[in-house]
Amino acid sequence: MNKKFTVETPNERETINTGERLGRILRKGDIVCLYGNLGAGKTTFVKGIARGLGIEEREITSASFVIIAEHYGRIPLFHIDLYRVSGGDDVPDLGIEEYLDGEGVAVVEWAERLTGWDCSFRVDIKFPDDVRREITISGSKERIEDLE
Ligand SMILES: Nc1ncnc2c1ncn2[C@@H]1O[C@H](COP(=O)(O)OP(=O)(O)OP(=O)(O)O)[C@@H](O)[C@H]1O
Ligand SMILES: [Mg+2]
């Protein structure tokens with residue numbers, strides 16, 4: 001995590017486009033950790049990641065009663081939402097280990113509730129107002145350079 005870049009998106013569409021840029025360079029085994037308050041745009045960003053992996057963005061929903069949803073594109077996308085998980089729950093108890101250490105890309109909303117795993121990319125979403133979002137993507141120098 002020694003390099004980062006920040007973009008400000010003026011609308012939902014541009015957040016999806018930014019997610020798509022990241023989705024295009026993801027590889028099997030990557031873990032993308034998403035941070036941001038309720039309504040920040042994490043799921044919206046995942047729609048873009050999906051598009052970058054060749055998955056229809058409308059397949060991505062924020063059904064927070066589902067912890068994990070699988071989608072199949074260029075490589076599989078495992079969309080994990082830990083909103084309903086408390087920080088003390090262990091990953092093995094959640095049954096998501098095989099997705100984190102798996103045959104595809106794991107994208108984790110509320111990643112602060114995930115302990116003991118290294119993120120390939122960290123995405124922080126802040127909201128200066130109702131329509132704009134400040135998105136910071138952090139990762140290793142080489143991987144972030146792939147994005148630029
Ligand atoms: N620039 C923007 N980028 C992304 N979303 C935006 C933007 N401007 C407004 N929005 C709105 O903000 C909301 C973001 O919702 P989204 O479900 O993606 O957030 P979330 O971080 O996943 O929330 P949760 O914590 O509930 O999972 C949507 O209603 C979207 O239309
Ligand atoms: Mg969400």
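The values are calculated or read from the model by the stated rules, or taken from the named source; none is laboratory data. Just so you know, these numbers come straight off a predicted model, no measurement behind them. Note that we place each Cβ from the backbone using ideal geometry, even for glycine, and neighbour counts take in every protein chain shown. With ligands, DNA and RNA removed, areas are computed over all heavy atoms of the protein, side chains included. Shrake-Rupley method; radii C 1.70, N 1.55, O 1.52, S 1.80 Å.
Descriptive notes on the structure:
- Matching residues in segment 31-42 - criterion: being near ligand 1 (Cβ under 6 Å from one of its atoms) and over 8 Å from the mean Cα position of the chain (by Cα): G36, L38, G39, A40, G41
- Residue in segment 27-41 that is of a type outside the set (K, R), farther than 24 Å from T115 by Cα, within 14 Å of ligand 2 (Cβ to nearest atom) and surrounded by 15 or more Cβ atoms within 10 Å (Cβ to Cβ) present: no
- Looking only at segment 118-134, and only at residues there that are within 15 Å of L38 (Cα to Cα) and of a type in the set (A, V, I, L, M, F, W, C), the one that is nearest to ligand 2 (Cβ to nearest atom): I125
- Where V66 falls short, out of the listed (1) within 13 Å of ligand 2 (Cβ to nearest atom); (2) in contact with a strand residue (DSSP E or B) (Cβ under 9 Å, 6 or more places away or on another chain); (3) more than 23 Å from W117 (Cβ to Cβ); (4) open to solvent by 10 Å² or more (accessible area, probe 1.4 Å): (3)
- Count of segment 113-130 residues which are loosely packed, with under 11 Cβ neighbours inside 10 Å and not charged (D, E, K, R): 2
- Pairs, first aromatic (F, W, Y) in segment 123-148, second open to solvent by less than 20 Å² (accessible area, probe 1.4 Å) and not in a helix (DSSP H, G or I), C-beta under 8 Å, six or more apart: F127/G36; F127/A40; F127/G41
- Restricting attention to segment 75-98, the residues that are at pLDDT below 95 and either within 14 Å of R27 (Cα to Cα) or of a type in the set (D, E, K, R) (or both) total 7.
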